[in-house]
Every structure is written in C-alpha cells, then in structure tokens.
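Just below is one structure, and these are the notes that go with it.
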C-alpha cells in the first residue's frame, strides 16, 4: 500500500490542493451569504427562500464534498512514507488547524439550518467577524506546512 501511495503522491497532492481551494472558497463565501441574508432578506419571504436555497446548495454541493475530499486526500498524504516528520511540531499544528477548520465548517452548517428554520439569531456584523476565522486558520495551516517549524 505504501508503494502505491508513493507512486501516486503527486496526484494525491494535486487533488488535495484542489479540494482545499474548493473548501476554502465555500468557507469564505457562506458567511458572506449569511451577512446579506441577515441584512437584506430577514428570515421570511421570497428573498429569504432564495438565500436559503443558495446557502443550502453551497454547503451541500460544494462545501461538504470538498471538505470530505480534503480529509481523504490529506490522510492519504499522511500515510505516504517520508512525507510527515512526526518529530517536528508542524504536523500537530496543521492537524489542530484542520480540526478547527472542520469545527468552523460544522458551525456554518448549523447556522445554515437555523436560517432554513427561520431562527437566525446573529447579526451581519457577527457573521463578518466570523468570516475571519478561516483566514486565521488558513495562515496557521499554510505556514505549518511550508515553514515546517
């Protein structure tokens, strides 16, 4: 199995990067939809229904599959011989960042369900602030892997 992972390493790495880009795009965009949903549409009416559908499609057609693919290809990279130096700190900071990103993903999914049920309780400003979370986590993850501290 490790020979197969070593042979396919460039392909797995490429698919991992594509998955991460797709996941990050959705993680950046969904909170922005929530801002506009909160400030322009409210929790009822035709515009609310349009925003609810857009949020649902983004979360279920793009965001969740991209997260799953990111995890699958990332785990394949972890098991590829010679890729991860478990004596260094970076694999653990990256793992913490990815787990936190997954937690943020699930938090967004819960907010999407709240909107769908007409019970959003957050303001546009709060969603704007939460929109910074994936940026901070991305910085941690990228520098963990690139700098390998």
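Relative to the longest principal axis of the Cα atoms of the chain, helix 90-116 runs at roughly 20 degrees.
So how tilted is helix 64-78 from the main axis of the chain? Cα-based, degrees 0 to 90, rounded to 10. Taking the Cα atoms of the chain, the angle to 64-78 is about 10 degrees. Ranked by how many other Cβ atoms sit within 10 Å of their own Cβ, fewest first, the residues 40, 94, 13 fall in the order 40, 13, 94. Taking Cα atoms, how many degrees apart are the long axis of helix 46-57 and the longest axis of the chain, rounded to 10 and kept between 0 and 90? With both axes taken from Cα atoms, the answer is about 10 degrees. What is region 105-145 by shape, rounded, prolate or oblate, if you read a ≥ b ≥ c off the alpha carbon gyration tensor as root eigenvalues and call it rounded for a/c under 1.5, prolate for a/b larger than b/c, and oblate otherwise? Verdict is oblate for region 105-145.
Contact order for the chain, expressed relative to its length and based on alpha carbon pairs under 8 Å spaced 6+ residues apart, stands at 38 percent.
Measuring nothing but alpha carbons in the chain and taking Rh as the Kirkwood radius, the Rg to Rh ratio lands at 1.07.
Rounded, prolate or oblate: which fits region 1-48 when a ≥ b ≥ c are the square roots of the eigenvalues of the alpha-carbon gyration tensor, with rounded for a/c under 1.5 and prolate only if a/b beats b/c? Taking the square roots of the gyration eigenvalues as a ≥ b ≥ c, region 1-48 is prolate.
Ranked by the mean number of other Cβ atoms within 10 Å of their residues, highest first, the peptides 68-79, 117-128, 22-33 come out as 22-33, 68-79, 117-128. Applying 1/(1 + (r/R0)^6) with r as the Cβ-Cβ distance of residue 29 and residue 92 and R0 = 30 angstrom yields a FRET efficiency of 0.55.
Here, each number is a calculation from the coordinates, and none is a lab measurement. In this text, all values refer to a predicted model and were calculated from it rather than measured experimentally. Positions of Cβ are backbone-derived with ideal geometry, glycine not excepted, and every protein chain shown enters the neighbour counts.
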